Amino acid sequence: MSRGRMLAYPAIAWLLFFFLAPLVIVLFMSFLQRGTYGQIIYQFTVDNYIRFFEPLYLQILGDTLFMALLTTIICFLLGYPIAYQIARLQRNWQTLMLLLVMVPFWINFLIRSYAWVIILRSQGMVNTFLLDLGLIEQPLNLLYNFGAVLLGMVYGHLPFMILPIYVSLEQLDRRMIEAAYDLGATPIKTFFYVTLPQTLPGIIAGSILVFVSSLGMFVIPDIMGGAKSALIGNLIQNQFLSARDWPFGSALSIMLAILSLILIFLYYKALQAQQGKEDSR
Amino acid sequence: MKAMIELQNVEKEFNGQLVIPPFSLTINEGEFFTLLGPSGCGKTTLMRMIAGLEIPTRGEILLAGSPVSKLPPYKRDVNMVFQQYALFPHMNVEENICFGLKMKKVPLHEQQKRAEEVMALTELTEYRYRQPKELSGGQQQRVAIARAIVNNPKVLLLDEPLGALDYQLRKHLQLELKKLQKDLGLTFLYVTHDQEEAITMSDRIAVMNKGHLEQMGTAHEIYHEPKTRFVATFIGENNILCQGDYCYALRPEKVNLHDPAIALEKTSTYRLYAGVVENVVFQGTIDKVFVRLREKDFDLPVLMAYQYFDDKRRWRPGEEILVGWEGPDAVKVES
């Protein structure tokens, strides 16, 4: 027993040092003040948190939540059918397709984002192609708008939705589907009454992964959204890098983390209630 | 008698490989019919084709006179009890039972009424709000049956429904199932590899091997008049005696064991052979006695016989013995 516990010490130390310590530092920092030249004044204040509730920042928060929600929904709508099709393939094809889903992770996300810029910019592949075909006379504004950011967000987060849903579909007992057919359920009804409820754990996991990482995303809005669309991730990044207001940046980070936790908790509760309702009916 | 299921030269290929050669079969209304065979003999495939879960490569399936082989499973008036029950884990007992009615848009009050009846019949009323994982194997099995019969199917298909249960419960449920079938007057098509189960429950049995039909008949016929060597050895225990091109199946319970020291009066049809006891295995109500025959022309070195304990005789290995049987008890079989 004691030996087993000792084996866990390195991992615990690792977590304490790299996970808990930075969190404590950020929390500590969020109650400090910023000096005139961006230095930190060690004096307690809650002003950073009060400032968070200014309309400007609430607006950004609202935009961020909206973007994250939309990203999650679109990822679900696209990811579920993809995961479903992969799960239906033969074993070796499944492996190949999953590999293809994961291949983008091997390339730096920043580079992939710039690749989208190359595709979408006014002299980019899409515009050049359409111009050459004579379908358009002026290059389309495909970049630096809401749609471009949404596209980038969905692109970047789709694998996080596909993989957990694939796993739950893979675990689904094939005979459940056959039993539903046998009891008179059409394929569509079978999907909604049997497949979907039983893959709910995968949907929950995928949604949380996509939603949370969308909330903190700053690379995509930065590169594909231009200056116009700032999400809370960009705001935090700016506080640390440009505005040099580390205490406010820390407060924003803490608020974002708390908000994520609350939302995940509510989401989980809502789904549990939903399931409970189905159970007692 | 009305035919409920007719298979007309049904064939099935998987990836170009023929697993069921042309197969024909008629199952009558209200019959308890069993497909019996070792695993991989095609009995489950045959049942799945009737349920619509597999499409026959060739041939036609008639259900109550109308062709169904092109219909998807959800349009066929048959229901199936799956091997591991395949209950829906996210629904409670009552929801599982109502699922079929709900899918067919049966009015809610009618659903309620029929579910109540079926739950009463299968003694599940007190478990109606339980989740499947909170039930024992036997209870889950009853839910699977209730979920199927609540739809009033023309035929109930049962795919080794007792396979996952322990021996005692299986024995009990065999009789329960048989009684349920009689009470409901429903046609049962039962698939099993357990010959004992088949004999206990069935009106008629089709013995299958490697995709084809070996023999079809009542349990009595299958047991006492096996047509092939496979049937003779698959159902119960048998000695196969071969002389030249002819083979005979002789049940061990038909073999009498005699002490060579005691004189015997023989009838003209009685066969008597000398041998030595090779082994004796205690089996509870019987001793299984293995006798090495002196005669070499049977192509069977060791004959098996049952010694019942009411005979009060325990044989020991190495003893001289005489084995005998009535000639007609050795049934001629195709090898």
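The values are calculated or read from the model by the stated rules, or taken from the named source; none is laboratory data. As the structure is a prediction and not an experimental result, all values here were calculated from the model. Cβ atoms come from the backbone with ideal geometry, glycine included; neighbour counts cover every protein chain shown.
For region A:159-183, a residue qualifies if it is within 11 Å of chain B (Cβ to nearest Cβ) and surrounded by fewer than 23 Cβ atoms within 10 Å (Cβ to Cβ), and the qualifying residues are A:L172, A:D173, A:R174, A:R175, A:M176, A:I177, A:E178. Considering region A:199-222 alone, what residues qualify as being buried (at least 20 other Cβ atoms within 10 Å of the Cβ), within 14 Å of chain B (Cβ to nearest Cβ) and part of a helix (DSSP H, G or I)? Hits for region A:199-222 are A:G202, A:I203. Say we look at region B:313-329 and pick out the residues that are crowded, with 16+ Cβ neighbours inside 10 Å and within 17 Å of B:I286 (Cβ to Cβ); which of these is modelled with the lowest pLDDT? The selected residue is B:W315.
Here region B:76-99 is the region considered, the condition is being more than 28 Å from the chain's Cα centre (by Cα) and either facing another protein chain (nearest Cβ under 8 Å) or aromatic (F, W, Y) (or both), and the residue that is nearest to B:L184 (Cα to Cα) is B:F99. Only one of the numbered conditions (1) surrounded by fewer than 14 Cβ atoms within 10 Å (Cβ to Cβ); (2) in the same structural domain as B:R294 (by the TED database) is not met by B:R251, and that is (1).
The strands (runs of 3 or more DSSP E) located wholly in region B:178-238 that include 1 or more residues which are of a type outside the set (D, E, K, R) and surrounded by fewer than 17 Cβ atoms within 10 Å (Cβ to Cβ) occupy B:212-217. From the list A:F191, A:F240, exactly one residue is part of a helix (DSSP H, G or I) and either on the phi > 0 side of the Ramachandran plot or more than 13 Å from every other protein chain (Cβ to nearest Cβ) (or both). Which is it? Being part of a helix (DSSP H, G or I) and either on the phi > 0 side of the Ramachandran plot or more than 13 Å from every other protein chain (Cβ to nearest Cβ) (or both) holds for just one of A:F191, A:F240, which is A:F240.
Considering region B:50-74, the residues that are in a strand (DSSP E or B) and touching a residue at least 12 places away in the same chain (Cβ under 8 Å) include one that is nearest to B:L189 (Cα to Cα), namely B:L63. For region B:101-140, taking the residues that are more than 22 Å from B:L162 (Cα to Cα), crowded, with 16+ Cβ neighbours inside 10 Å and not aliphatic (A, V, I, L, M), the one that is nearest to the other protein chains (Cβ to nearest Cβ) is identified as B:K102.
Okay, residues lined up against (1) more than 17 Å from the chain's Cα centre (by Cα); (2) of a type in the set (A, V, I, L, M, F, W, C):
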position	(1), (2)
B:M1	yes, yes
B:V10	yes, yes
B:L25	no, yes
B:T34	no, no
B:S39	no, no
B:T45	no, no
B:I50	yes, yes
B:E54	yes, no
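Is it the case that B:Y273 is under 30 Å from the mean Cα position of the chain (by Cα) and either in a strand (DSSP E or B) or touching a residue at least 40 places away in the same chain (Cβ under 8 Å) (or both)?
no
The conditions of being away from every other protein chain (no Cβ under 14 Å) and more than 23 Å from A:L100 (Cα to Cα) are met by A:L135.
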